[in-house]
Amino acid sequence: ISNELLYSNYISLYAWLAPEQFDGTKIIDHISMLNNVYSAKENYVSQNFGGTYFTSENAEKIGAIREKIEDLEVNFKEKCILLTSLLYAIDKVANTCGHYDAFRRTLDTVAPIKLLVPDIQQDENKRNEIYNKDANQLIRRVKADVLYIDPPYNSRHYCDSYHLLENIITWK
């Protein structure tokens, strides 16, 4: 049983751990196509994060890829896999120190973004449950022999440091 309050993390947990079936060939084909997406027009990501968190080119491509994922005919698990591939690729080209509450002054992460196919071991996920709930509410609904809870490390909520990823994944 896995639970995550941040939707972007939930999407990745679902991609890696959910028992829902997916078409691996379709994932490979879609990621290949997404790597070849080109956009010369402004979008949400390029307008808000280009030249700061990402190069302008990467920001335009991230926005174009995200828009394209929204248009694909895929099941929820497949969408989660594609979004997870995008999240991991974003992290490789982000001009940050690991979180997104600030960017580095010098834009020195300039490699072009490239999505990779996640190596998901589907056969190991048969009994998994994945949630996107408040842990205080979820604990009343699940039973477990062993429980690991990762509490906050300070008084600030970590969600604030990942607004950029949340915005890209929720795509509101």
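Scanning the stretch 129-158 for residues that are surrounded by fewer than 13 Cβ atoms within 10 Å (Cβ to Cβ) and of a type in the set (Ser, Thr, Tyr), we see that the one that is modelled with the highest pLDDT is Tyr148. The residue that is farthest from the chain's Cα centre (by Cα), among those in the stretch 120-143 that are hydrophobic (A, V, I, L, M, F, W, C) and farther than 25 Å from Gln21 by Cα, is Ile139.
Name the residues in the stretch 94-111 that are more than 13 Å from Gly51 (Cβ to Cβ) and among the β-branched types (Val, Ile, Thr), would you? Once the filter is applied, which keeps residues that are more than 13 Å from Gly51 (Cβ to Cβ) and among the β-branched types (Val, Ile, Thr), the stretch 94-111 yields only Thr96. For the stretch 89-112, the set of residues classified as open to solvent by 90 Å² or more (accessible area, probe 1.4 Å) and either basic (Lys, Arg) or modelled with pLDDT of 90 or more (or both) consists of Lys92, Arg105, Pro112, listed by residue number. Considering the stretch 117-127, and only residues there that are open to solvent by 40 Å² or more (accessible area, probe 1.4 Å) and closer than 14 Å to Ser12 by Cα, the residue that is modelled with the highest pLDDT turns out to be Val117.
Looking across the stretch 159-170, the residues that are farther than 14 Å from Tyr10 by Cβ and modelled with pLDDT under 85 come down to Asp160, Ser161.
Scanning the stretch 92-108 for residues that are within 11 Å of Leu164 (Cβ to Cβ) and acidic (Asp, Glu) yields a total of 1. Screening Met33 with (1) at pLDDT 95 or above; (2) closer than 20 Å to Lys114 by Cβ; (3) open to solvent by less than 40 Å² (accessible area, probe 1.4 Å); (4) touching a Lys or Arg at 6+ places or on another chain (Cβ under 9 Å) gives one miss only, at (3). Taking every residue in the stretch 1-20 that is more than 16 Å from Asn75 (Cα to Cα) and open to solvent by 30 Å² or more (accessible area, probe 1.4 Å) and pairing it with any residue that is assigned to a helix (DSSP H, G or I) and small (Gly, Ala, Ser), at least 6 positions away or on another chain, the pairs with Cβ-Cβ distances below 6 Å are Asn3/Ala135.
The values are calculated or read from the model by the stated rules, or taken from the named source; none is laboratory data. Fair warning: this is a prediction, and the values are worked out from it, not measured in the lab. In this analysis, Cβ positions are derived from the backbone assuming ideal geometry, glycine residues included, and neighbour counts consider all displayed protein chains. For accessibility, only protein heavy atoms count, side chains too; no ligands or nucleic acids. Shrake-Rupley method; radii C 1.70, N 1.55, O 1.52, S 1.80 Å.
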